[in-house]
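Take a look at the structure set out below.
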Ligand code: HEM
Ligand SMILES: CC(C)=CCC/C(C)=C/CC/C(C)=C/COP(=O)(O)OP(=O)(O)O
């Protein structure tokens with residue numbers, strides 16, 4: 001791997017792309033209609049800062065996990081286990097991204113967004129990676145808060161969380177990703193459980209077995225189905241989103257149900273891949289509903305939002 005490609009790999013580009021997309025949705029749901037020039041500037045700088053912070057957290061995760069990454073088949077090709085980069089290079093890179101991120105957010109956006117983004121960065125890079133991951137099979141449930149935060153980070157870039165409904169609305173989006181994370185990760189962990197057992201990481205399929213994990217996946221997926229309807233219940237989103245959430249959610253519940261008696265050992269990976277399609281599509285529905293189809297929102301809801 002060339003040096004440039006190794007540094008790029010440290011930022012977990014595909015995971016971070018979806019993370020930034022959920023922040024984009026947070027940004028645009030916080031803006032009524034088309035952005036003003038000032039809002040567009042906050043959006044661009046806010047998303048840049050959030051991206052840099054997530055990339056920095058991902059690089060620190062590579063650094064702190066290098067010993068377990070070399071024991072796992074899925075991760076042994078990463079830049080540190082293969083010695084493509086030295087730990088000092090990774091640390092320098094991660095610090096540079098973090099400093100740049102904080103500079104952009106503090107100078108160009110606002111303190112609330114900077115503080116929340118910093119907390120998410122520490123939450124994933126340090127609290128989850130260095131501690132929770134090794135401490136409890138609930139590691140990814142609790143650590144999921146950091147990964148779920150980006151819609152709130154995006155929302156705060158625009159509003160500074162000064163409006164009456166800002167926290168309630170942004171936290172609904174966070175709640176969706178928070179409840180989505182266990183099915184997303186545990187499906188992969190079932191397939192990769194031998195890796196985690198070898199690296200002595202107490203993931204749920206290792207500590208409680210595959211059968212128990214499958215039931216937990218179904219439980220969280222049903223919960224996700226319900227939670228995904230809340231933006232419509234709260235009047236944040238309209239009928240277009242509701243239909244999308246119902247269809248996407250029904251398919252996810254079907255996958256989780258089928259996982260109780262899977263047709264083959266690869267089925268867990270199909271559930272994992274669907275989880276990514278699900279989140280991407282659900283947030284795309286939120287955006288499309290908010291942007292393109294505001295006239296589908298009930299008039300009463302529009303009135304209520306204006307008053308709010
Ligand atoms: C604690 C929370 C989470 C855990 C433990 C987790 C775990 C994982 C793992 C182990 C992988 C496989 C990565 C690889 O093979 O390199 C993965 C892939 C992925 N995750 Fe997550 N994830 C979490 C949260 C999130 C969040 C919040 C998002 C986005 C909003 C996300 C999006 C993705 C995507 C898009 C992939 C596919 C990457 C690819 O195809 O290379 N994950 N996740
Ligand atoms: C500022 C901000 C928004 C921070 C969030 C950062 C972030 C990159 C979250 C991603 C979650 C993720 C990929 C977890 C996998 O961790 P793992 O270490 O268990 O997986 P691995 O074994 O593939 O490294």
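The values are calculated or read from the model by the stated rules, or taken from the named source; none is laboratory data. Predicted model only: the values in this text are computed from it and were never measured. Please note: Cβ atoms are built from the backbone with ideal geometry, for glycine as well, and neighbour counts cover all protein chains shown.
Some points to look at:
- Among the helices (runs of 4 or more DSSP H) confined to region 1-112, the ones with at least 3 residues that are at negative phi, in contact (Cβ under 8 Å) with a residue 60 or more places away in the chain and more than 11 Å from ligand 2 (Cβ to nearest atom) are located at 3-10, 13-29, 37-64, 87-108.
- Region 207-223, residues that are touching a helix residue (DSSP H, G or I) at 6+ places or on another chain (Cβ under 9 Å) and touching a residue at least 24 places away in the same chain (Cβ under 8 Å): 208, 213, 214, 216, 217, 218, 220, 221, 222, 223
- Flag if residue 62 is more than 27 Å from residue 170 (Cβ to Cβ) and buried (at least 18 other Cβ atoms within 10 Å of the Cβ): yes
Per-residue answers, yes or no, for (1) surrounded by fewer than 21 Cβ atoms within 10 Å (Cβ to Cβ); (2) within 12 Å of ligand 2 (Cβ to nearest atom); (3) over 21 Å from residue 57 (Cα atoms); (4) at pLDDT 95 or above:
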residue	(1), (2), (3), (4)
142	yes, no, no, yes
150	no, yes, no, yes
154	no, yes, no, yes
164	yes, no, yes, no
167	yes, no, yes, yes
